[in-house]
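> Below you'll find the structure I mean.
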Amino acid sequence: MPTSGFQYRDRTFYCEDVSLDHIAERFGTPCYVYSAAAIATNYDSYGDALAGLPHDVYYAVKANGSLGILSLLARRGAGFDIVSGGELFRVLKAGGDPARVVFSGVGKTVSEMEYALRSGIGSFNCESEGEVVVLNETAGRFNAQPVVALRVNPDINADTHPYIATGLRDHKFGIPFETAERIYTESARFPNLRFEGVSCHIGSQIFDTNVFYEALDKVLALVAKLRDAGVAVRQLDLGGGLGIAYRPEETTPSISGYAAGLVRALRGKDLRLMIEPGRSIVGQAGVLLTRVVYRKPAESKQFFIVDAAMNDLIRPALYQSHHEIVPVAQRDAEMVMADVVGPVCETGDFLARDRLMPAVDPGELLAICTAGAYGFVQASNYNGRPRAAEVLVEGATVRLIRERETYDDLVRGESPLGATEPVS
Ligand code: LLP
């Protein structure tokens, strides 16, 4: 089963020591359920395996930015990789240490830079010369001298979904090596920035760890060149991207195996390693719990219409991704060919397609597995649907970390006629 922290006990699906039917009873459906132990174990695996190197693990907030999850990781000492002012706000609300925040992303605005500088974040990963110019000016106005890494593009093709591969020359991400080299060597043009790092991120949901080592080799060659040219590079950020199994027949790449390879490659290189894992920390530690509303037979298959939809979990619709779906109560049901679909008015609103699975009846609960990463964070209110609740389980304790939205939440900030604004 591609989950961690979840298992059957007496034919009922549990998260740690709490049954999912209890959670549905108490908090309703659809509901995201996370295992604190699984998140902590995954996070700790990185730190344990990297212990031999100076390093920092910056959890990628975009994978799951709920305050309860961020606070859990902050308490374990995580740093945070953010891509917006909103994510920084979340990290600070959750008690994260601003000094251990790295700001990535291709489109930082001046006001986001100002907010980050005011908050005293650790460093910026810059993705274009234009951004470097603007950050230098902004830092000057703040009398700040932030640490900067250029995100370089190693031109490596990672075998993953095209929407989440980022390491090729024609992707919007990163700076080609030659341009980066020129910017580093002209750093005197940017007196308010300290160019101490190099960063790279080649994509997400990557299974073959060799491509990370290939990217690392290329970046290390660049670091050596820069050092020869007198640039004092101290830190190397290798981004995130380690994949996880979504199907029972797949094997999740081991975090410690991946990290051990990084330790080997970086030993004696006098560099602080930063990594930005997201999915591999939270992905398998969460499920989306949903209830079957109707069962609708079609010619060649059944439709199980559930109360979760593409607005709750868009990954199947957007990336054709597979999520195992299991009944919360196991019984000896016949196996049928089914689509698990939501109520949203789009044919693309499916959570599973042509899936051989046990026949379930209205009222039964299903767990959509491996939904801890890029699940709730990509949820929307499409079709007037309040966003789901989220709960964090720790042993036998259940914490509601996000209330289900209400209809009032759906219209917050709106007014039927709008406030009048004089034009000029
Ligand atoms: N660092 C940077 C600069 C990134 O762009 C990303 C992910 C990460 C770290 C974290 O990567 P991870 O360890 O989670 O693979 N919505 C898509 C995934 C988008 C990933 C975007 N960047 C999905 O549902 O599969």
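> Being in contact (Cβ under 8 Å) with a residue 40 or more places away in the chain and farther than 15 Å from Asp237 by Cα is the filter here, so list the residues in the range 158-176 that pass it.
Ala158, Asp159, Thr160, His161, Tyr163, Ile164, Lys172
> Could you identify the single residue in Ser104, Ser128, Ser119 that is under 20 Å from the mean Cα position of the chain (by Cα) and not assigned by TED's automatic domain parsing to the domain that holds Ala371?
Details: Ser128 fails: under 20 Å from the mean Cα position of the chain (by Cα); Ser119 fails: under 20 Å from the mean Cα position of the chain (by Cα).
Within the list Ser104, Ser128, Ser119, the selection yields Ser104.
> Return the pairs, sorted by first residue and then second, in which the second residue is among the hydroxyl-bearing types (Ser, Thr, Tyr) and near the ligand (Cβ under 9 Å from one of its atoms), the first residue lies in the range 197-213 and is touching a residue at least 40 places away in the same chain (Cβ under 8 Å) and part of a strand (DSSP E or B), the beta carbons are less than 8 Å apart, and the residues are 6+ apart or on different chains.
Ser199/Ser104; Gly203/Thr160; Gly203/Thr166; Ile206/Thr160
> Would you please name the residue that is nearest to the ligand (Cβ to nearest atom), looking only at residues in the range 100-126 that are of a type outside the set (D, E, K, R) and in a loop (DSSP other than H, G, I, E, B)?
Going through the range 100-126, the residues of a type outside the set (D, E, K, R) turn out to be 101-107, 109-111, 113, 115-117, 119-126.
The next check asks that each one be in a loop (DSSP other than H, G, I, E, B); those that pass are 104-107, 109, 120-122.
Values: Ser104: 4, Gly105: 7, Val106: 9, Gly107: 12, Thr109: 17, Gly120: 21, Ile121: 15, Gly122: 15 Å.
Taking the candidates together, the pick is Ser104.
> Collect the residues in the range 183-196 that are under 22 Å from Gly105 (Cβ atoms) and in a loop (DSSP other than H, G, I, E, B), keeping them in residue-number order.
Matches in the range 183-196: Phe190, Asn192, Leu193.
Yes/no per residue for (1) surrounded by fewer than 19 Cβ atoms within 10 Å (Cβ to Cβ); (2) β-branched (Val, Ile, Thr); (3) more than 25 Å from Arg295 (Cβ to Cβ); (4) modelled with pLDDT of 95 or more:
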| position | (1), (2), (3), (4) |
| --- | --- |
| Arg353 | yes, no, no, yes |
| Pro358 | yes, no, no, yes |
| Ile368 | no, yes, no, yes |
| Tyr374 | no, no, yes, yes |
| Arg387 | no, no, yes, yes |
| Glu390 | no, no, yes, yes |
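> Take Val231 and decide whether it is more than 11 Å from the ligand (Cβ to nearest atom), buried (at least 22 other Cβ atoms within 10 Å of the Cβ) and among the hydrophobic types (A, V, I, L, M, F, W, C).
For Val231, the condition - more than 11 Å from the ligand (Cβ to nearest atom), buried (at least 22 other Cβ atoms within 10 Å of the Cβ) and among the hydrophobic types (A, V, I, L, M, F, W, C) - is not met.
> Give me the pairs, please: first residue somewhere in the range 118-129 and under 14 Å from Ile82 (Cα atoms) and touching a residue at least 24 places away in the same chain (Cβ under 8 Å), second residue anywhere and more than 12 Å from the ligand (Cβ to nearest atom) and part of a loop (DSSP other than H, G, I, E, B), beta-carbon distance under 6 Å, and either six or more positions apart or on two chains.
Phe124/Pro146
> Another one. Scanning for something modelled with pLDDT under 95, under 29 Å from the mean Cα position of the chain (by Cα) and β-branched (Val, Ile, Thr), does the range 323-341 turn up at least one residue?
no
> Considering each residue of the range 217-262, count those that are within 19 Å of Tyr59 (Cα to Cα) and assigned to a helix (DSSP H, G or I), and give that number.
Residues meeting the conditions: 7.
> Within the range 239-246, identify whether any single residue is in the same structural domain as Ala329 (by TED's automatic domain parsing), more than 24 Å from Ala221 (Cβ to Cβ) and within 16 Å of the ligand (Cβ to nearest atom), and answer yes or no.
First, pick out the residues of the range 239-246 that are in the same structural domain as Ala329 (by TED's automatic domain parsing): none.
Checked against the condition, which is being in the same structural domain as Ala329 (by TED's automatic domain parsing), more than 24 Å from Ala221 (Cβ to Cβ) and within 16 Å of the ligand (Cβ to nearest atom), the range 239-246 yields no hits at all.
> Right, something else. Every residue in the range 301-316 that is within 11 Å of the ligand (Cβ to nearest atom) and without any contact (Cβ under 8 Å) to a residue 60 or more places away in the chain, please.
The one that is within 11 Å of the ligand (Cβ to nearest atom) and without any contact (Cβ under 8 Å) to a residue 60 or more places away in the chain: Pro316.
> Taking Arg355, is it under 15 Å from Thr29 (Cα atoms), assigned by TED's automatic domain parsing to the domain that holds Val293 and not small (Gly, Ala, Ser)?
Judged against the criteria, Arg355 is not a match.
> If you go through the range 266-283 one residue at a time, do you hit one that is under 30 Å from Ala338 (Cα atoms), hydrophobic (A, V, I, L, M, F, W, C) and surrounded by 18 or more Cβ atoms within 10 Å (Cβ to Cβ)?
Yes, because at least one residue in the range 266-283 is under 30 Å from Ala338 (Cα atoms), hydrophobic (A, V, I, L, M, F, W, C) and surrounded by 18 or more Cβ atoms within 10 Å (Cβ to Cβ).
> Among the residues of the range 158-165, is there at least one that is in the same structural domain as Lys218 (by TED's automatic domain parsing) and away from the ligand (no atom under 12 Å from the Cβ)?
Yes: one or more hits.
> Is at least one residue of the range 173-190 within 11 Å of the ligand (Cβ to nearest atom) and surrounded by 13 or more Cβ atoms within 10 Å (Cβ to Cβ)?
The answer is yes, given that some residue of the range 173-190 is within 11 Å of the ligand (Cβ to nearest atom) and surrounded by 13 or more Cβ atoms within 10 Å (Cβ to Cβ).
> Which residue out of Asp10, Asp48 is in contact (Cβ under 8 Å) with a residue 40 or more places away in the chain and surrounded by fewer than 21 Cβ atoms within 10 Å (Cβ to Cβ)?
On the way: Asp10 fails: in contact (Cβ under 8 Å) with a residue 40 or more places away in the chain.
Going through Asp10, Asp48 in turn, just one is in contact (Cβ under 8 Å) with a residue 40 or more places away in the chain and surrounded by fewer than 21 Cβ atoms within 10 Å (Cβ to Cβ): Asp48.
> Here's something else I'd like to know. Out of the range 138-153, which residues are part of a loop (DSSP other than H, G, I, E, B) and within 15 Å of the ligand (Cβ to nearest atom)?
Result: Asn153, single match.
The values are calculated or read from the model by the stated rules, or taken from the named source; none is laboratory data. Since the model is a prediction, treat every value here as computed from it, not as a measurement. Cβ coordinates were reconstructed from backbone atoms using ideal geometry, including for glycine residues, and neighbour counts include every protein chain displayed.
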